[in-house]
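To start, the structure under review is shown below, and the notes come after it.
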Amino acid sequence: MNTIKPLLIIVLFLLYNLTHLQGQQLTQYGKSDTLSIKSQIFNSDRKVILTKSLMGKSDTLARKTVIYFDADDTNINGTVLQSADNLTATGEMPKSNLVGILQVDRNTEFLEKDKLAAFLVKELIPYLKANQYDTQKITLIGHSFGGYFATYLYLTNNELFNSCIAVSPAYWPNKKDLFNDLNSLGNNTISGDFYMAIGNKRWDDISITKYIDEMDRLLTKHQRQIRYRLNRLDGFSHNATPTVGIGLGLGYVFDLWEWQNILQEQERRLKSSPDFWGHLEIKADALYHLKRYPEAKEGYLKSLHFLINDKEEQKESIRTASKRLKEKIKKCK
């Protein structure tokens, strides 16, 4: 079980409250637009909320696409937008296009699955692609039944939906069909990132914990093919878990993107300070998380060498940092 960054929880919780008390203040994203699509699958108009990140003149990278469900829930919608805004501003996720799906008949759409899945794949995705959205390796966010549906899409259409954030997902419906879907998958049939969170306060989350535990065991078996994490949100109830789970999930699925940026940043800094052990350690951290273990080990060894010979560092600081670096070197197998 992974520990949660307390500071991130506090920041997101404060941002959540500020959003609802003062009105949503976004710095990295433009005004949300509501799009109406004439759906032949539903034989009716379907609405989605589109929120694009602001792009500077020097921006050349394609924006990622994040699709989230229950966008008609103001709490969910506000939390997704504010979390993405904060993480984009701090360089912990790429600039993205956020696509919110408004539910009409929520339980039927999520639990019967076929129509909503067909609407996304056959009608919404072609629209997004035609309008220059990145439709490769889309990230999904869902809460409760929305988490159930997001997981279904991730397992059954993994090439398109390559990352999934399932917050307090309800895996008990339809005779636990998702467990059968996951059990039937062979090696190398799914890839990407999967983040799951569950609270422990009030019956709504306590009652579904055994299903989360079962899904955890199954997903852990696929950890050679996917990046997977389960966070247990101590003290949070079912309806409160999105407040922190969405931000933590976005931070997790874009973690490798962030480490790649950190690597490039440290390489730039080392050009002017090639002997500074601190930049070498952080560069090696990035290489380690990117699974470039031999290069990471070499970086830690260089960092340790320059640390020991750093005459400006206090002896106690050198001892502490040396111990940390030696532990990191051991992990680079």
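The values are calculated or read from the model by the stated rules, or taken from the named source; none is laboratory data. Since we're looking at a predicted model, the values are computed, not measured. Heads up, the Cβs are rebuilt from the backbone with ideal geometry, glycines too, and the neighbour counts pull from every protein chain shown.
Values as computed for the structure displayed
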item	result
Qualifying residue in segment 72-80 (condition: on the phi > 0 side of the Ramachandran plot and surrounded by fewer than 22 Cβ atoms within 10 Å (Cβ to Cβ))	no
Qualifying residue in segment 139-148 (condition: surrounded by fewer than 16 Cβ atoms within 10 Å (Cβ to Cβ) and either among the aliphatic types (A, V, I, L, M) or over 26 Å from residue 44 (Cβ atoms) (or both))	no
Single residue of 229, 202 found to be on the phi > 0 side of the Ramachandran plot and in the same structural domain as residue 171 (by TED's automatic domain parsing)	202
When residues of segment 195-239 are limited to those that are surrounded by 15 or more Cβ atoms within 10 Å (Cβ to Cβ), under 18 Å from the mean Cα position of the chain (by Cα) and of a type in the set (S, T, N, Q), the one modelled with the lowest pLDDT	225
Count - residues of segment 299-333 that are of a type outside the set (A, V, I, L, M, F, W, C) and in a loop (DSSP other than H, G, I, E, B)	7
Leading residue by the ranking (farthest from the chain's Cα centre (by Cα)) among those in segment 128-138 that are surrounded by 15 or more Cβ atoms within 10 Å (Cβ to Cβ) and of a type outside the set (Val, Ile, Thr)	128
Cross-chain or 6+ apart pairs with Cβ under 7 Å, segment 277-290 first and without any contact (Cβ under 8 Å) to a residue 40 or more places away in the chain, then of a type in the set (S, T, N, Q)	279/266; 279/273; 280/303; 282/266; 283/266; 286/266; 290/260
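Here is a yes/no grid of residues against (1) surrounded by 13 or more Cβ atoms within 10 Å (Cβ to Cβ); (2) among the charged types (D, E, K, R); (3) modelled with pLDDT of 95 or more; (4) in contact with a strand residue (DSSP E or B) (Cβ under 7 Å, 6 or more places away or on another chain):
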| position | (1), (2), (3), (4) |
| --- | --- |
| 30 | no, no, no, yes |
| 42 | yes, no, yes, no |
| 49 | yes, no, yes, yes |
| 52 | yes, yes, no, yes |
